Each structure stands twice: as structure tokens, then as C-alpha cells.
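Quick note: the coordinates plus some simple rules give every number you see, no bench work behind them. The model shown is predicted, which means the values in this text are computed figures rather than measured ones. Ideal geometry is used to build each Cβ from the backbone, glycine not excepted, and the neighbour counts take in all protein chains shown.
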Amino acid sequence: MATGVPSTNNMSLLYFLARCCDWEGVMDEVQVNHRDAKVVSEKDGTTALHLAVMSRTNPMMRDGMAGAPAPLNVIEELVKACPEACIIRCTKKRYTPLHYACVVADDKYDMEDCCQIVEVLLKHSPHAPFVFTDDGFSALDVHILSYSQLHKHKEEVYSGARSSTGVVRTLLAGEPSLADARVYRNKIRGPLELLYRCNIDEFKEAAEFEELAALEGDTSDAKRKELLEKFGSVASILSDWWAWKWSLLLLKFASISAGQEVVPFNAVQAAARLVGCPLPILALAVTIMPEQVTQRDPTGDIYNLPLHEVCGWRADMENVAGDPFIATRKFKAMRLLLEQYPEAARMTNNCGETPLQLAVETCTPWHGGLETLVEACPKALKFPRKLRITDNGLSLSVAHHSAIDSVGTVDSDEADPLEDIENMYPFLVSAVLGGVSKNKRRPPVSYTDDMATEHYQNLDRKSLQAIRAVFGLLRARPEVMEKYRKLVTSEMKKKKKK
């Protein structure tokens with residue numbers, strides 16, 4: 001330990017030494033008073049571990065212009081002495097040491113060094129990736145944000161022996177669920193959505209290169225020659241683009257998190273399975289790997305096509321009337337997949353479900369996708385619903401449906417309509433599931449008057465959407481009503497005989 005240490009001004013000696021970048025002194029002190037690694041500064045809420053990590057990520061300290069960077073073994077000793085220090089957030093940015101380790105402060109940041117710091121922190125504090133800032137950002141999100149700001153170009157950037165995906169891969173390898181989309185303040189947020197928004201212009205530009213694929217068949221086309229000379233093929237454009245590599249990595253680990261990892265990896269299925277997936281990312285996957293649009297998901301026993309997955313997106317999880325953000329993307333994604341593989345509209349999965357049936361059960365609006373599916377396959381309106389047979393009995397494709405999820409609870413006096421849905425045609429299923437259960441019609445007691453008013457407005461919009469869907473399905477195939485009348489009459493006669 002350094003001799004002649006001045007007054008610590010009410011700091012612990014360990015923190016004071018870290019503030020002075022006396023890393024030898026820190027190494028000695030942490031061996032003696034290891035619990036001091038948890039001491040928090042009253043000024044900015046940082047710990048000695050924060051300071052040690054920041055010394056390696058701060059460009060000025062990293063270059064020796066404002067103190068020396070902490071050796072990696074010092075960081076390991078600090079987090080080993082007190083793993084809780086890795087989940088403490090500072091008061092200014094509300095960052096943990098892992099957040100600071102993932103910040104890319106300049107384009108000269110050594111990703112090899114960043115990976116080593118992240119590996120050390122995760123080794124002793126595996127739950128650190130699940131600590132979020134007040135704005136809802138994880139360490140992975142911070143890494144995506146900071147890297148995107150410095151790398152607007154498309155070329156891959158290698159640092160040491162690692163590519164740009166090193167830190168992302170390190171974080172996801174330990175916790176694949178970090179790749180999942182999540183809801184924050186009633187909005188979808190996740191690393192893939194964040195990556196897309198940080199590079200939205202680049203993704204939209206790349207998606208426009210689909211025009212190249214259409215032009216590649218005509219060798220005499222002057223525009224094709226011009227575009228190919230300037231950009232190359234769609235596949236070559238994306239092969240060395242760091243953001244596309246990150247997108248595929250996030251989709252892959254999201255599949256692993258859901259227990260649906262497929263070898264070889266199916267990017268189109270993974271994108272279709274992600275609710276609210278950015279359309280340019282899905283479009284790029286379809287452009288590069290068009291054969292995957294016709295492939296079924298081999299995991300589990302349902303064997304959905306990508307169109308089945310998209311039709312199963314729910315927009316009413318946080319908003320009774322449906323989140324317009326998800327609903328708009330769902331409609332565009334359905335059209336994209338149908339353009340690529342129109343036959344998918346008449347395909348059934350292993351449960352005998354058509355894409356139309358899944359869209360009806362997720363309360364898809366008539367002009368938000370149902371009409372498109374009916375135009376692609378009008379015969380789907382003639383298929384009566386066969387409920388799934390599970391260990392818990394009959395079930396829909398949607399768990400906890402807003403129309404029936406309160407049935408069977410203590411405060412519910414509603415009859416369970418689930419068994420009656422068996423053999424119903426799509427227009428009837430839409431009528432049954434288009435409503436909202438009683439317990440969800442009442443605004444929560446915590447709502448203000450304005451929030452309660454908005455809630456009732458959403459209920460009115462939900463009812464209007466349901467009416468449009470029912471009548472749209474009926475108008476498209478009115479003879480189904482007569483078929484259903486005959487079926488009901490026949491069943492009633494059988495009951496009377498019994």
C-alpha cells in the first residue's frame with residue numbers, strides 16, 4: 001500500500017485509493033478489508049469497482065493521460081471480494097460496473113479487453129445483466145447504443161482476435177433471455193428493436209436492396225448493372241455488415257431462450273416468432289434465405305410455418321384495443337410472407353390450424369390482416385375450429401385470452417365458452433373472442449380519471465374492431481352461416497333423442 005496517504009474525506013481507504021488510481025494499493029487493501037468494495041460514494045454513488053472498470057473504458061485514462069487503467073486482476077479481486085458491488089447503480093447515469101464495461105466510448109476501444117472485463121464480472125456476478133437503468137436499459141442495450149453511435153458504416157470492425165459481436169455473444173451466452181423482447185412502460189423494448197432503431201436508416205437502405213434481387217435476372221438491365229457495380233449483391237452487402245451479424249445473433253439467442261433452437265439456424269422462423277419484429281429485418285432474412293419461408297418449425301410438435309407465427313402475434317397484451325405499433329407491423333409482415341409464399345394461407349399446422357384461425361384468435365382487425373388472409377384463401381372460412389388437446393384439456397392457440405381469461409376465477413359469474421368454441425366457424429370464433437372479460441372492462445382502482453376515460457375509449461375501439469371482423473368474415477363467405485345452422489339443428493335433434 002502506498003505510504004503517506006492523505007485524508008480520505010470520509011471515504012473508505014479502498015475507495016480513496018481507487019479514486020487516486022493507486023491500483024497496487026487497491027490490491028493490497030482489498031485483501032485486508034474486502035467488504036469495503038461495497039462502500040458507495042456519497043457524491044456520485046460509485047464503488048471502487050465502478051472506478052476500476054471506468055479506468056479501462058475511459059479513453060483518457062486508458063491512454064494514460066488522466067491516470068493509469070486498472071489491471072484486469074484488480075477488477076477481478078474487487079468483484080470477487082464483493083459480488084454485490086456489480087449490481088450497485090451509480091446516482092448519475094444509474095449504471096452498474098457492467099454497464100460501464102459495455103460502453104464503447106470511442107472507435108479505438110479494444111473489444112478484446114471489453115470481453116475480458118465482461119467475462120470477469122459475469123463470472124462472479126451472473127445476475128448483473130438483469131439490472132436496468134431508470135430508463136429501462138440493460139448493459140446489453142447500452143453496448144448496442146454506444147457502438148451504434150460510433151459505427152454508422154456497414155463494415156465489420158475487428159478488434160484483436162474478436163469481431164464486433166464479441167461482447168454481445170459473451171453476454172448472451174450466459175443469459176440467452178437477454179435477447180427477448182420485453183415491455184417497458186407499455187412499450188415493446190428489446191435489444192433487437194433497439195439495434196434497429198439505432199441503425200434505422202441503414203436497415204431501411206439495406207431493405208431497399210431487395211430491388212437488386214429482382215433485377216438480377218435481367219442481365220441487360222442498365223439499372224441492375226449500375227446498382228450491382230455500386231453495392232454488389234444483397235448477400236454480399238450483408239455478409240460483412242456488423243449490424244446484420246448482431247441481428248442474426250440476437251434472433252438465434254432469442255430462439256435458444258424460448259427453447260426453440262434449430263440446427264441449422266432458421267432466421268426467418270426466428271424473426272417471425274419474435275412479436276413485433278422490425279419489418280426490414282424480416283424482409284432481409286426473407287430476401288437472403290427465401291427457402292426458409294416454406295420451412296416449418298421443427299421444434300415442438302406444432303410445426304408452424306413463418307406465416308402461422310406472425311398470425312399468432314398478440315397486440316392486446318398491454319392495450320385492450322391492441323397496440324397499433326404491433327398491429328401495423330403484423331399486417332405488413334403477413335403481406336410480406338404471403339407475397340413470398342401465397343400457398344401458406346391454406347396450410348395447416350399439426351393442430352389443424354390455418355393462419356386465418358390463429359389471426360382470428362389473436363383478435364386481428366379485419367383491415368389489419370384478416371381481409372388479406374381471406375383473399376389469399378377463401379376456403380379457410382369453411383374450416384370449423386378444432387381446439388388443441390393438451391394435458392390440461394382443450395385449449396386455444398392463445399393463452400390467457402382477454403375475452404375468457406377471467407372465467408373460472410372467484411369473482412367471475414361468466415360461463416366458460418371454451419368448450420362451445422369447438423366446431424365453430426371463424427366468424428363465430430371472432431364473435432366470442434372479440435369481447436373483453438368483465439374483470440378487464442373495469443378500470444383498475446389506481447387509474448386516474450383521464451386514464452379511466454382512455455380505458456373506456458379503448459374498450460369502444462375494441463368492440464368496433466370485433467364487429468368489423470365478424471361482419472367481414474360473414475360477408476366473405478355468407479353460405480357458412482347456413483352450414484352452421486344445419487350443424488346446430490342436427491346437434492339439437494340428437495340431444496332431444498337422448
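Brief remarks follow.
- With a cut-off of 12 Å between beta carbons, the residues surrounding LEU14 carry a summed charge of -2, where Lys and Arg count +1 and Asp and Glu -1.
- The HN-Hα couplings worked out from phi for the range 425-436 by the Karplus form 6.51 cos²θ - 1.76 cosθ + 1.60 (θ = phi - 60°) are 7, x, 5, 6, 4, 4, 5, 6, 8, x, x, 10 Hz, whole numbers, x standing for Gly and Pro.
- Kirkwood hydrodynamic radius of the range 37-112, Cα pairs, Å: 12.5 Å
- Projecting label points 7 angstrom from Cα along Cα→Cβ for ALA105 and LYS43 puts them 1.6 nm apart.
- Placing R0 at 51 angstrom, the Cβ-Cβ distance between ASP450 and GLN295 gives a FRET efficiency of 0.60 after rounding to 0.05.
- Each part reduced to its alpha carbon centroid, the range 72-129 and the range 453-484 end up 53 Å apart.
- A Förster radius of 22 Å combined with the Cβ-Cβ distance from ARG35 to ASN73 puts the calculated FRET efficiency at roughly 0.65.
- FRET efficiency, 1/(1 + (r/R0)^6) with R0 45 Å, evaluated for ASP420 and THR328 via beta carbons: 0.85
- Computed label-point distance, nm, for sites SER463 and TYR303 using a 7 Å Cα→Cβ extension: 4.4 nm
- As a ratio to 2.2 N^0.38 Å, the alpha-carbon radius of gyration for the range 335-386 is 1.04.
- Relative contact order, percent, the range 309-379 [alpha-carbon distance under 8 Å, six or more residues apart]: 35 percent
- For ARG189, the residues whose amide H sits under 5 Å from its own are ARG182, VAL183, TYR184, ignoring neighbours fewer than 5 places away on the same chain, with H placed 1.01 Å from N.
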